[in-house]
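Q: The structure is given below, and queries will be raised subsequently.
Computed from the coordinates by the stated procedures, all read-outs in this text should not be read as laboratory data. Values in this document were obtained by computation on a predicted structure and should not be read as measured data. For neighbour counting, all protein chains shown are included, and Cβ atoms are generated from backbone atoms with ideal geometry for every residue, glycine included.
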Amino acid sequence: MSDRLFTAWLQLKYQKIRFLIALSGVIFAVIIIFFQLGISNALFDGAVRFHQGLQGDCFILSSRSTNLTDLASFSQRRLSQAQAFEEVEYVNPIYFGVARWKNPESRNSWQSIGMIGFDLRHQTFDLPGIKSNINRLQARDTVLFDRNSRTEFGAVAEQFERDNSVITEVSNRRIKVVGLFELGTSFAFDGNILTSDLNFLRISNREKGFIDIGLIKLKTGADPENFKLKLQEYLPQDVQVFTKQEFINFEQNYWQTSQPIGFTFNLNVVMSFIVGAVVVYQILYTNVSEHLKEFATLKAIGYSHQYLLNIVFQQALIIGSLGYIPGLAIAIFIYKFAQQATLLPIAMTWQRAINILVATIIMCLIAGVSAVKKMKSANPADIF
Amino acid sequence: MNPITICQVNYYFGKKALAKQVLFDINLDIEAGEIVILTGPSGSGKTTLLTLIGGLRAVQSGSLCTLGKELFQASEAELVKLRGQIGYIFQAHNLLPFMTAQQNVQMSLELNQDLSSHQIVSQAQEMLAAVGLGDKGNYYPDHLSGGQKQRAAIARALANQPKLILADEPTAALDSKSGREVVNIMYRLVKENHSTILLVTHDGRILDIADRIIYMEDGRLAQRKTFL
């Protein structure tokens, strides 16, 4: 059949404007779906980059904590109790809170910034820039600044690289930036600073003895899952215990279910899918109904009904695949642009590219299945 | 074997209480090589009979053999196969608007699995030349005149050298000069191929090509030698 006339393509090609409209419908849908998935994945990834950087096996949170922006403090004694187990190598108290950052350039601009404090004795974070700078945090009123913070905080990274120090105020306390690290923005925090537990307490004016996250590092060979159950059993109900993966899921689940964000993204994806399918359906349907007489003629001269159905499905596949390619190209371009604008880690993955290709084909086939019903009216007896 | 043998065929439109009989006790034999014109007033059932013969409608009763194939209770696949062996010419040309004249003729030839793509192209060109459109192969139907379109449609219908041609008012939409041309071309090609033709028409100007004229009225056949 390969050297035979490609009826489906000839018909699409003949009406160029209509074909372009069908393609643009698919392109539009593909771009929106890519964009929604890209942004939402980046946001959900961004929300847990902090968790992923933590070098611990189990974590203790107050039972009242629901996510990073809503951490309730709990007594550090709970962490000390955990330390008594023989499986534990070390524990580390982590403080997490919001501070007021003064833009060192425009001196009157104050911004909320995420502030992390931890015990410097242990390797707590595996994030770029921390290991080499950690000792500088021993000094009073020093912080590391997240170079992936948004620009509203000032050109701190550039200034630091030039002068090797930046002086500003955090929550009305004069502090010195002594290094840069990389964490990135998330739903809640447009920028971050990292400091020692002592500096954190000074800046935030909080009393000692109450922490936000308890990190537990287990000895090699100990099973985090078992230890978690054991610890949860042992500790009172005022704290909850997670493995690292559970801690990550806990955060993502909050943003996906307790906030409208996840729902909104999913709704947009579904809507674009429907819009794309409807546009393709319209074009396929018009192609059939406008040429009903000619298609009936094909039947009269000996073509089977299946041949006519194949025309519609071939057109659906052509529109789907030809629309997907520019859609993908534009989406990659938009990803680059959005990444620069938001500093969210938006990137095209093979997995997503393939998923959307399959979704696009399904979208066009649904349109084809709906449009092909019209072909039943192509009755050769009616054309005489 | 006669290309068309019809025995006691009745046909009804609609079902049960609403059924209306449109064909009454049709008996007809058409011999190979005959040119038969079927004429009669509008609504007399001519086209219905033509579509039954062509396998475009299901035969409800009696016996109807086209090209030796019994169509009473024939399956859809059998009907599709039969249609490929018949040349159809319609009142409207019914060419696919998104294909050139050449491609439209090729569509008909492509049903023949034995032909190579090279043969299909050359036979389509020969066929167009035979209807006087040798230089119009790359034209889309929109750019052809009414007579040219109908000639392209004839080229499509006759490309496979069918043994039976069914034509329904092929000249109705044409002026007398192009109507005459179309009929002459049809006549010449049919005689060259020794095909049989059954032609439904109201057009008194073309009756002279017929070997036999059949008159139909109110769903019944009456044979005549001349047309009054």
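Q: Enter the mean number of other protein chain beta carbons within 10 Å of the beta carbon of each residue in A:292-299, as an integer.
A: 5
Q: Sticking with this one: Which one, B:Ile120, B:Pro41, B:Ala19, is farthest towards the positive end of the dipole of the protein assembly as shown when Lys and Arg carry +1 and Asp and Glu -1 on their Cβ?
A: B:Pro41
Q: Same structure again: So for chain B, considering every pair of alpha-carbon atoms, how many percent are separated by more than 23 Å?
A: Tail of P(r) above 23 Å: 48 percent of Cα pairs.
Q: Using θ = phi - 60° and the Karplus curve 6.51 cos²θ - 1.76 cosθ + 1.60, what whole-Hz ³J(HN,Hα) does each residue of the stretch A:238-247 get, with Gly and Pro shown as x?
A: 6, 10, 10, 10, 10, 7, 4, 5, 5, 4
Q: Still on this structure, I have one more. For chain B, what does the helix formula give at 222 nm: sum of -39500 (n - 2.57) over DSSP H segments with n ≥ 4, over the residue count, nearest 500 deg cm²/dmol?
A: -9500 deg cm²/dmol
Q: Let me know the charge dipole size of the stretch B:106-158 about its Cα centre in debye, to the nearest 20, where only the beta-carbon of Lys, Arg (+1) and Asp, Glu (-1) is charged.
A: 200
Q: Another question, if that's okay. Run lengths n ≥ 4 of DSSP H only: what is the helix-derived mean residue ellipticity at 222 nm for chain A, with -39500 (n - 2.57) per run over all residues, to the nearest 500?
A: So the calculated ellipticity at 222 nm is -16500 deg cm²/dmol.
Q: Using the alpha carbons of the stretch A:1-67, what is the convex hull volume per residue in cubic angstrom, as a whole number?
A: With only Cα atoms used, the stretch A:1-67 gives 194 Å³ per residue.
Q: So for the protein assembly as shown: antiparallel DSSP bridges make up what percent, rounded to the nearest 5?
A: Here the antiparallel bridges make up roughly 65 percent for the protein assembly as shown.
Q: Take the alpha-carbon centre of the stretch A:345-384, take the same for the stretch A:33-78, and report the distance between them in whole Å.
A: After rounding, the separation between the Cα centres reads 40 Å.
Q: Moving to a separate point now. Just to be sure I understand: of the beta bridges DSSP finds with both ends in chain B, what percent are antiparallel, rounded to 5?
A: Percent antiparallel among DSSP bridges in chain B is about 50.
Q: For the stretch A:58-221, what relative contact order do you get, as a whole percent, if you take Cα pairs closer than 8 Å and at least 6 residues apart?
A: For the stretch A:58-221, the relative contact order is 36 percent.
Q: Could you work out, for the stretch A:230-276, what percent of all Cα-Cα pairs fall into each 5 Å distance bin, beginning at 0 Å and stopping at the bin that holds the largest distance?
A: That works out to 5, 18, 15, 15, 14, 11, 7, 6, 5, 3, 2, 0, in percent per bin.
Q: Please report the relative contact order for chain A, taking Cα pairs under 8 Å with a sequence separation of at least 6, and give it as a percent rounded to a whole number.
A: Worked out over chain A, it gives 27 percent.
Q: Express the relative contact order of the stretch A:286-375 as a whole percentage, based on alpha carbon pairs under 8 Å and six or more residues apart in sequence.
A: Reported relative contact order: 46 percent.
Q: So, one more: To the nearest 10 degrees, how steeply does helix A:224-234 sit against the main Cα axis of chain A, on a 0 to 90 scale?
A: Compared with the principal axis, the helix lies near 60 degrees.
Q: Moving on. If you rank B:Asp203, A:Asp57 by fewest surrounding Cβ atoms within 10 Å, what's the result?
A: With the fewest neighbours first, B:Asp203, A:Asp57 line up as B:Asp203, A:Asp57.
Q: OK, next. Find how many whole Å separate the alpha carbon centroid of the stretch A:191-270 from the alpha carbon centroid of the stretch A:120-163.
A: What the calculation gives is 22 Å, centre to centre.
Q: Using +1 on the beta carbon of Lys and Arg, -1 on that of Asp and Glu, and nothing else charged, what's the dipole of the stretch A:61-146 about the Cα centre, debye to 20?
A: 420
Q: Taking the number of other C-beta atoms within 10 Å as the exposure measure, put A:Ser204, A:Ser272 in order starting with the fewest.
A: Result, fewest neighbours first: A:Ser204, A:Ser272.
Q: Okay, next question. If we count other beta carbons within 10 Å of each Cβ, what is the order of B:Val183, A:Val48, A:Val30, fewest first?
A: Sorted ascending by nearby Cβ count, the order is A:Val48, B:Val183, A:Val30.
Q: Looking at the stretch A:58-221 from every direction and averaging, what is the projected area of its Cα convex hull in nm²?
A: Averaged projected hull area, Cα only: 9.7 nm².
Q: In whole Å, how far is the Cα centre of the stretch B:115-167 from that of the stretch A:281-298?
A: Result: 23 Å between the Cα centres.
Q: Ok, one more. List the equivalent ellipsoid semi-axes of chain A in whole Å, largest first, each obtained as the square root of 5λ for an eigenvalue λ of the Cα gyration tensor.
A: 59, 25, 15
Q: Now for a different question. What angle, in degrees between 0 and 90 and rounded to the nearest 10, separates the Cα long axis of helix A:16-47 from the longest principal axis of the Cα atoms of chain A?
A: Helix A:16-47 sits at roughly 20 degrees to that axis.
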